[in-house]
Structure formats: C-alpha cells, structure tokens
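Q: Please find one structure pasted underneath; my questions will follow.
The values are calculated or read from the model by the stated rules, or taken from the named source; none is laboratory data. Owing to the predicted nature of the structure, the values given are computational and were not obtained by experimental measurement. Here the Cβ positions follow ideal geometry from the backbone for every residue, glycine too, while neighbour counts run over all protein chains shown. Heavy atoms of the whole protein, side chains included, go into the accessibility calculation; ligands, DNA and RNA do not. Shrake-Rupley method; radii C 1.70, N 1.55, O 1.52, S 1.80 Å.
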Amino acid sequence: PAPHDYKTTADGVFGHVGQSKAPQFSCRAKIQDPADKEVRPGATAYSLGKACRTGSMETPSWTMAPRGAGIPKPPQQPGPGEYAQPSTLYGSHPQLPVPGRVPKTTQKRSSPSDALTIGGPTPAPHDYK
C-alpha cells in the first residue's frame, strides 16, 4: 500500500486512535556557557599592531637635520659634466701621451638611417598601379 492509503486523520484530528492529543515539542532554556564567566581577556582582546615574536615589523627610520644646521652650501661652480671629456681614442689627449688605437679617418661616418635609403627612396602604396 502507498502512504495515501493509510488513514492518518480521524474526524479532522491528526494522529491515530491510541493518541489522546497531538504531539507537543518544547525546548529547554539555553544553558550558560562557562566561558562567559571568564573575567580574563581572551586571545582576540589584544591589539598586537606590528609586533611579532622576533620584534617589531617596521622598517628602520632616521631623521636628518636640515642643511642650515652648520653645513655650508656648495659653491656655485661648474661641475664635472660641464667640461668636454677629451678622448684618447685617436691619441689626442692634452695631458696623457697615448698612442692612437684606431687609424684617423677623414670621411664622414654614416648614420644608421643611411642604410634605409641605399637602394633609393622606398615606394609608398600610392606609387603602385
């Protein structure tokens, strides 16, 4: 037989003949947690900040006194980058007697862009028919 074949109600009352009333369920009151009585702070009550077991996890920092605390300003004179650096490549250094390492050339050096135009100007798309 299927579940709908059983008669579970009698005269609109749920249950069977042996039951005097419908079942009732109740829950008892919530018991007190022993941890609620603890007066010491818990593990999450502390703010450790940037501390760890080996010390503070901060980068070192220092302060510096301003320049006006006794250090004079440097004089206004040209620096090393203001002077031309003579080359010893061709043996023409004013102070060091060095023989030249490459032969002197008199012709103009070519630039990398000259290699693009050796065969003439490059045709554009409108030059084709």
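Q: Can you tell me which condition Ser111 does not meet? The list is (1) more than 41 Å from the chain's Cα centre (by Cα); (2) open to solvent by 100 Å² or more (accessible area, probe 1.4 Å); (3) not β-branched (Val, Ile, Thr), and all the others hold.
A: In the conditions (1) more than 41 Å from the chain's Cα centre (by Cα); (2) open to solvent by 100 Å² or more (accessible area, probe 1.4 Å); (3) not β-branched (Val, Ile, Thr), Ser111 misses (2) alone.
Q: Pairs needed: first member in region 54-75, open to solvent by less than 100 Å² (accessible area, probe 1.4 Å); second member anywhere, modelled with pLDDT of 80 or more and assigned to a loop (DSSP other than H, G, I, E, B); C-beta distance under 7 Å; at least 6 residues apart or different chains.
A: Every condition considered, the pairs that remain are Ser56/Lys50.
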